[in-house]
1. Within the group Gly123, Gly109, which residue is surrounded by 14 or more Cβ atoms within 10 Å (Cβ to Cβ), assigned by TED's automatic domain parsing to the domain that holds Phe261, modelled with pLDDT under 85 and not aliphatic (A, V, I, L, M)?
2. Out of everything in the range 257-283 that is in contact with a Lys or Arg (Cβ under 9 Å, 6 or more places away or on another chain) and assigned to a loop (DSSP other than H, G, I, E, B), what residue ends up being nearest to Val213 (Cα to Cα)?
3. May I ask you to list pairs of residues, at least six apart or on different chains, whose Cβ atoms are under 8 Å apart, with the first in the range 184-204 being over 10 Å from Gly132 (Cα atoms) and the second being basic (Lys, Arg)?
4. Tell me, yes or no, whether the range 46-53 has at least one residue that is acidic (Asp, Glu), crowded, with 16+ Cβ neighbours inside 10 Å, modelled with pLDDT under 80 and out of contact with any Asp or Glu (no Cβ under 9 Å at 6 or more places or on another chain).
5. May I ask you to list the residues in the range 161-179 that are at pLDDT 85 or above and among the β-branched types (Val, Ile, Thr)?
6. Might you let me know whether the range 87-98 holds any residue that is modelled with pLDDT of 80 or more and in a helix (DSSP H, G or I)?
7. State yes or no: is Trp321 among the aromatic types (Phe, Trp, Tyr), modelled with pLDDT of 80 or more and part of a loop (DSSP other than H, G, I, E, B)?
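The values are calculated or read from the model by the stated rules, or taken from the named source; none is laboratory data. Just so it is clear, the structure is predicted and the values come from calculations on it, not from any experiment. So basically every Cβ, Gly included, is an ideal-geometry build from the backbone, and we count neighbours across all protein chains shown.
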Amino acid sequence: MMIFATLVERFYAALAAWGIPWIVPTLVVMVIVVSVVLAYISVAAMFMIWWERKISAHIQVRYGPMRVGGWHGWAQSIADGIKLLLKEDLIPTGADKVVFVLAPMVVFGATVAAYVTIPWAPGLIVRDLNIGILYMVSISSLVVVGIIMAGWSSNNKYATLGALRSAAQAVSYEVPLVLSLLGPVMIAGTMSMGKLVEAQSGRWFGVLPGWFVFPQIVAFLTYFTCALAECNRLPFDIPEAESELVAGFHVEYSGMRFAMFFLAEYANMFVVSAIATTLFLGGWHGPWIPLPGLPREVAHGLFGLVWFQVKCYFLIFVMMWLRWTLARLRVDQLMGFAWKVLLPISFANLIVTGLVLILGKHALLYVGGIAILLLVAILLAARPAARTVRVGERT
């Protein structure tokens with residue numbers, strides 16, 4: 001379905017026929033797109049906050065959040081949003097005011113910019129760049145810059161410590177995350193988000209859907225683990241760590257600026273889920289039936305949009321499930337897991353994928369050898385590094 005692209009092309013053609021310069025319709029389209037994205041993020045964030053409260057209430061057998069604010073607490077998120085808008089916006093006396101004010105804008109702006117290349121349905125994408133996945137990974141990394149700005153400008157030791165933790169965590173987990181995305185890119189032979197989805201339209205062995213999650217299950221699990229760390233979700237919420245750092249890098253923020261950090265966190269959860277859906281879960285592909293009175297392409301596009309949303313929110317549900325199930329890791333455990341476990345697994349998966357693509361069936365021997373070496377490396381990395389010291393023995 002190319003309805004979205006067709007409407008934009010007709011809009012440009014009509015304005016060109018009236019002699020209006022090209023910059024005017026471009027700005028109009030940009031304003032419309034940004035408005036739609038902001039509206040979607042606002043509604044989706046309120047829904048995810050309400051949803052997470054319900055999930056946490058069921059997991060902890062704590063049903064208070066479902067008994068406040070109307071039916072199953074649906075109005076509580078709206079009340080919280082109004083409260084944040086009406087709260088006084090405070091800036092600490094010793095803070096760097098310019099950087100303090102710009103930090104939440106950088107975090108939220110980088111998250112919103114990532115929505116440009118999300119393939120919602122066939123033809124429904126703002127800009128299908130030929131380096132779409134590279135753009136999404138790069139623009140998402142700018143969130144760390146805003147977090148460091150927030151922590152440093154607050155002139156608060158807890159905020160600064162949280163920001164430094166966030167920078168170290170992002171640098172550590174970005175490497176295996178990017179490497180895990182290269183497997184599907186190598187199979188599809190493109191970095192375009194739309195073409196990556198189209199490459200998964202067939203079937204594996206004539207039975208399984210042609211999603212890349214089946215041949216790249218290791219890459220998918222690695223990516224999802226790194227995505228949890230990128231979103232600062234448990235068990236990787238070291239930068240915020242409420243029990244240790246009093247909310248971390250945004251401890252000095254209040255009102256609308258705190259709301260921007262909050263919205264950016266949930267918007268980023270959808271972004272990482274959209275990347276996983278696009279590269280591993282077939283994007284908009286799924287069962288659909290013709291709808292009476294609608295063209296085939298329109299019906300396909302509507303069902304594609306629904307399937308894309310279902311897959312994304314299923315991954316978000318798993319993130320919330322893990323948050324209320326697992327305990328927080330220590331800093332050394334978090335960093336060691338990234339460099340000693342995820343990084344070797346990512347490299348091994350990348351090597352195996354390349355060998356299979358080049359050598360075909362003959363690569364099985366190489367794959368077996370690499371699997372054995374990888375297993376030995378993981379076992380060695382998992383061994384305790386500290387030596388046992390006998391009582392009374394000098395160190």
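1. Gly123
2. Applying the filter and picking the extreme gives Leu281.
3. Ala188/Lys195
4. From the range 46-53, those acidic (Asp, Glu) are 52; that's our starting set.
Next, from what is left, pick out any that are crowded, with 16+ Cβ neighbours inside 10 Å: 52.
Now restrict to residues that are modelled with pLDDT under 80: none.
No.
5. Val175, Val178
6. yes
7. Judged against the criteria, Trp321 is not a match.
Results for (1) outside any loop (DSSP other than H, G, I, E, B); (2) within 24 Å of Gln216 (Cβ to Cβ); (3) in contact (Cβ under 8 Å) with a residue 12 or more places away in the chain, shown as yes or no for each residue.
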| position | (1), (2), (3) |
| --- | --- |
| Pro290 | no, no, no |
| Leu294 | no, no, no |
| Glu297 | yes, no, yes |
| Val341 | yes, yes, yes |
